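K.L.:
The structure under discussion is supplied below as C-alpha cells; questions concerning it will follow.
Nothing in this text is a laboratory measurement; each read-out follows from the coordinates by a stated rule. Quantities reported herein were computed from a predicted structural model and do not represent experimental measurements. As a convention, Cβ positions derive from the backbone with ideal geometry for all residues, glycine included, and neighbour counts pool all protein chains shown.
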Amino acid sequence: MGAQLGLWLSFALIGFGLILIVEGLVYAIAPEAMKKLLLRLVEVPASALRTGGLIAAVVGFALLWAVKTF
C-alpha cells in the first residue's frame with residue numbers, strides 16, 4: 001500500500017511540475033496575450049468554468065491511471 005501511495009505522489013508531483021513549467025513559459029513568452037485571455041475569462045459563466053475544470057480533472061486522473069496500469 002505504501003508503494004502505491006508513493007507512486008501516486010510521484011505522479012502528482014511530476015504533473016504539478018509540468019503544469020508550472022508550461023504556465024511559466026506561457027507567461028514568459030506571451031504575457032500580453034495572457035492578460036487578454038484572463039480579461040476574457042471574466043466573461044465566461046461560472047458553470048462553464050466548473051464543467052471545464054471537472055472534465056480536465058477527470059481526463060487528468062484517467063491519464064495517470066492509464067500510465068500506472070499499462
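K.L.:
Would you list the membrane-span-like helices of the chain, meaning whole DSSP H runs whose alpha-carbon atoms span at least 30 Å along their axis and whose mean Kyte-Doolittle value is at least 1.6?
P.N.:
2-29
K.L.:
Let's test the formula: R0 of 25 Å, r as the Cβ-Cβ distance of Leu49 and Ile19. What FRET efficiency results, to the nearest 0.05?
P.N.:
For R0 = 25 Å, the calculated efficiency reads 0.90.
K.L.:
Only residues of the range 40-70 count here: report those whose backbone N is under 11 Å from the spot 7 Å along Cα→Cβ of Leu7, or say none.
P.N.:
65-70
K.L.:
Using a cut-off of 15 Å between beta-carbons, work out the net charge of the residues near Gly15 (Lys and Arg +1, Asp and Glu -1, Gly15 not included).
P.N.:
Once positives and negatives cancel, what remains is 0.
K.L.:
Once you have the alpha carbon radius of gyration of the chain, what is it after dividing by 2.2 N^0.38 Å, with N set to its residue count?
P.N.:
1.43
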